[in-house]
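The values are calculated or read from the model by the stated rules, or taken from the named source; none is laboratory data. From a predicted model like this one, the values you see are computed outputs, not experimental measurements. Cβ coordinates were reconstructed from backbone atoms using ideal geometry, including for glycine residues, and neighbour counts include every protein chain displayed.
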Amino acid sequence: MLFSIHCAAAEEFLSAAKLRKTALHYEHGSNTRQDLAKAYRLYCLAAALKDGRAMYQLGWLYFNGRGVERDRAIAMGWFHRAAKKGDRYGLKMVRKFNKVSPRQDPRCPLIHDPKKMKRRHIAAWARLLGNELGVDPKLVMAVIKTESNFDPSAQSPKLAYGLMQLMPATAKRFSVDRLSPVENMIGGVLYLRWLLRHFQGNVRWALAAYNAGEHAVRKHHGIPPYRETRHYVRKILAEYQHNTHPIPQRSSL
């Protein structure tokens, strides 16, 4: 549960347009090495932030088998989403291939209704976000289990909400809609990533800060003497069982 949130580093601010443009560079190898897997992840993040052109680009990857196995049904699922966002290229593909039934992409499931967020969707996002942001997906899942017990609609007495129990200030800090289960996860993993960088891969301190705030950890030079926080850290470590974590590298987001 996030009790205190402070100024975010500039790199943590999410812009769907920036994510999509960066993905284009990785897809085509312009100004950087080509990395289709990274392009896919960045397009997926941009699509989660409601970017219609990123949805079209994901469809194009599947339609042509670029970095993913060719699948026209999944491609059409993305084209339909893009068309609904007003993307003219997506609409053109929907009209041209109207006999192909659209299917949801299991690797990037855009779920906006908390009631439709299943454990498999949570796991898929933990993998995608973990791979892109350098946070162990197992740690992400352990935090979610402790924070919300995998309930996308969980709300605490302190008004923390969702899978990773974001407070309104946290959602604002990372520019996400905490009522959307996917964006809630994005914001939570971004904050966890920031803490792992801030505390140099010290998992115990990062978890304590996620619960009680960075200032409390710095003030006490470690886990604060709060019963809730100490129980929180023990509970997650019983699941994750690692005291250290590779320090996430600076992101291109």
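Show me the helices (runs of 4 or more DSSP H) entirely contained within the range 59-147 in which 2 or more residues are among the small types (Gly, Ala, Ser) and touching a residue at least 24 places away in the same chain (Cβ under 8 Å).
Details: elements: 72-84, 88-96, 119-133.
Counting at least 2 such residues, we get 72-84, 119-133.
Scan the range 216-253 residue by residue and report those that are of a type in the set (A, V, I, L, M) and in contact with a Leu (Cβ under 6 Å, 6 or more places away or on another chain).
Scanning the range 216-253 gives Val233, Ile236.
Residues of the range 113-133 that are of a type outside the set (S, T, N, Q), farther than 16 Å from Leu179 by Cα and surrounded by fewer than 18 Cβ atoms within 10 Å (Cβ to Cβ): Arg119, Arg120, Ala123, Arg127. Only one of the numbered conditions (1) closer than 29 Å to Lys18 by Cα; (2) among the hydrophobic types (A, V, I, L, M, F, W, C); (3) buried (at least 20 other Cβ atoms within 10 Å of the Cβ) is violated by Ala169, and that is (3).
Report whether or not Ala54 is at pLDDT 95 or above, closer than 29 Å to Phe174 by Cα and small (Gly, Ala, Ser). For Ala54, the condition - at pLDDT 95 or above, closer than 29 Å to Phe174 by Cα and small (Gly, Ala, Ser) - is met. Here Glu214 meets each of (1) over 30 Å from Tyr40 (Cα atoms); (2) surrounded by fewer than 13 Cβ atoms within 10 Å (Cβ to Cβ); (3) not hydrophobic (A, V, I, L, M, F, W, C) with one exception, condition (2). Across the range 26-44, the number of residues qualifying as under 28 Å from Pro102 (Cβ atoms) and either out of contact with any helix residue (DSSP H, G or I) (no Cβ under 7 Å at 6 or more places or on another chain) or modelled with pLDDT under 95 (or both) comes to 2.
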